[in-house]
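Taken together, the values in this text are just the output of simple stated rules run on the coordinates, not laboratory data. As the structure is a computational prediction, the values presented were derived from the model and not from experiment. Don't worry about glycine lacking a Cβ; one is built from the backbone with ideal geometry, like all the others, and counts go over all protein chains shown.
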Amino acid sequence: MVIDSQPDLEVVGEAGDGDAALHALTVTAADVVLMDVRMPVLDGVEATRRLRSRDDAPKVIVLTTFDLDEYAFAAIKAGASGFLLKDAPPPMLLDAVRAVHSGDAVVAPSTTKRLLERFAGHLPEDATPPDAVWSGLTQREHEIVREVVRGRSNAEIAAALFVTEATVKTHIGRVLAKVGLRDRVQLVVLAYETGLVRPGTT
């Protein structure tokens, strides 16, 4: 009802579990998928992983009951563009769908930071040395990455570094291109995984 109430959005299919969703998406094209984390037959994490491995896969927004659900973190690593709580108000859900469709992430940076700090123990001990991943970044781009990991918005980063929001957005785009990532959610994940930052040090 929420989706179909919008003139620019349309529900093209529904499924009761992850396996059914994957099957439906082989015959029905979709731009964005709202994926429940906990489902019978095939859970949302594995369904997201399999879906995102396909060519021209739709973007995925994970819906979860708990703000710090470890499955949500796993789903982000599996390729989801973020997650929302199931009780998110309709305007937030609609904004999220539009944001993901435009190529952005829907997880608020501060929420991403708290999620990663809560589940930092799940990150690998033998992280790739930061220099091997981040060596191609300029000093300014390193500063931008650290501000993103701190959970700051583009406007806050711009104010902190005395640049415009457009400049911040450009820098983030260049960083994502250099390290081969999709959005700022993956950027934060990689910063933790490679040991560039650690919980409590940002």
In terms of the charge dipole of the range 124-194, which places +1 on Lys and Arg and -1 on Asp and Glu at the beta carbon, the residue among Thr167, Ser153, Tyr192 farthest towards the positive end is Thr167
For Leu84, the residues 5 or more places away or on another chain with a placed amide H closer than 5 Å to its own amide H are Val62, Leu63, Thr64
Listed by chain and number, the residues whose amide H is under 5 Å from that of Ala105, excluding neighbours fewer than 5 places away on the same chain and using placed H, are Arg184
Expected vector for the range 145-158, Karplus 3J(HN,Hα) from phi with 6.51, -1.76, 1.60 and θ = phi - 60°, integer Hz, x for Gly and Pro, equals 4, 5, 5, 4, 5, 5, x, 8, 6, 4, 5, 5, 5, 4
The long-range amide H neighbours of Val33, using H built 1.01 Å from N in the peptide plane and a cut-off of under 5 Å, are Lys59, Val60, Ile61
Residue-ordered couplings for the range 48-54, obtained by feeding phi - 60° into the Karplus form 6.51 cos²θ - 1.76 cosθ + 1.60 and rounding to whole Hz (Gly and Pro as x), are 5, 4, 5, 5, 6, 7, 6
Calc'd 3J(HN,Hα), the range 182-194, phi into Karplus 6.51 cos²θ - 1.76 cosθ + 1.60 (θ = phi - 60°), Hz, glycine/Pro = x, comes to 8, 7, 5, 5, 5, 5, 5, 4, 5, 4, 6, 5, 8
